[in-house]
1. So is CYS126 out of contact with any Ser or Thr (no Cβ under 8 Å at 6 or more places or on another chain) and loosely packed, with under 12 Cβ neighbours inside 10 Å or not?
2. Across the range 62-109, what is the total count of residues that are surrounded by 14 or more Cβ atoms within 10 Å (Cβ to Cβ) and not in a loop (DSSP other than H, G, I, E, B)?
3. Which condition does THR119 not pass, out of (1) assigned to a loop (DSSP other than H, G, I, E, B); (2) without any contact (Cβ under 8 Å) to a residue 24 or more places away in the chain; (3) within 21 Å of the chain's Cα centre (by Cα); (4) surrounded by 10 or more Cβ atoms within 10 Å (Cβ to Cβ), if it passes all the others?
Amino acid sequence: MKKPVLAGIAALALITGIGGLAIAQQQDVKAMRSDPVDALNRLGPDFKWEGKEGRMQRNYRQQPPLIPHSIAQYQIDIRTNQCLSCHDWTKAGERSAPTLSMTHYLDRDGNELDHIAGTRYFCNQCHVPQADVPALVDNRFEPSSPIQTR
């Protein structure tokens with residue numbers, strides 16, 4: 001008695017799966033921007049600086065700084081990180097670039113290193129370029145207000 005029930009459930013699942021696949025293939029998948037879904041996202045050439053002294057305004061506490069320039073041609077892989085050619089503490093002064101936070105030179109156990117920690121090596125995990133492009137979806141996000149102290 002259990003075998004016919006299991007066979008029926010399996011057949012129903014198969015039919016539902018095939019029907020769902022057929023419906024999904026009939027739907028036209030649309031990108032959120034004007035480019036086709038399989039095309040690379042294009043960023044506008046104009047990067048927007050906000051705030052004073054060349055720093056972009058952050059929208060919430062602990063937000064990683066935004067990148068004020070294009071990184072489209074930057075090589076960031078296991079062998080090379082072009083961000084470090086300007087932002088590493090040994091070169092930032094001569095390149096007039098902001099240095100990396102000291103947290104980027106701490107290993108998982110909090111030990112200070114002379115080189116960037118492996119957990120912080122891929123910059124674009126947290127830092128993204130800010131581009132002046134239309135929003136993908138309607139957004140009602142409001143930046144957090146400063147902390148009030150009494």
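1. The answer is yes for CYS126.
2. Going through the range 62-109 one residue at a time, the tally reaches 10.
3. Failed condition: (1).
Just so you know, all these numbers are worked out from the coordinates, no wet-lab data involved. Keep in mind the model is a prediction, meaning the values are calculated, not measured. So basically every Cβ, Gly included, is an ideal-geometry build from the backbone, and we count neighbours across all protein chains shown.
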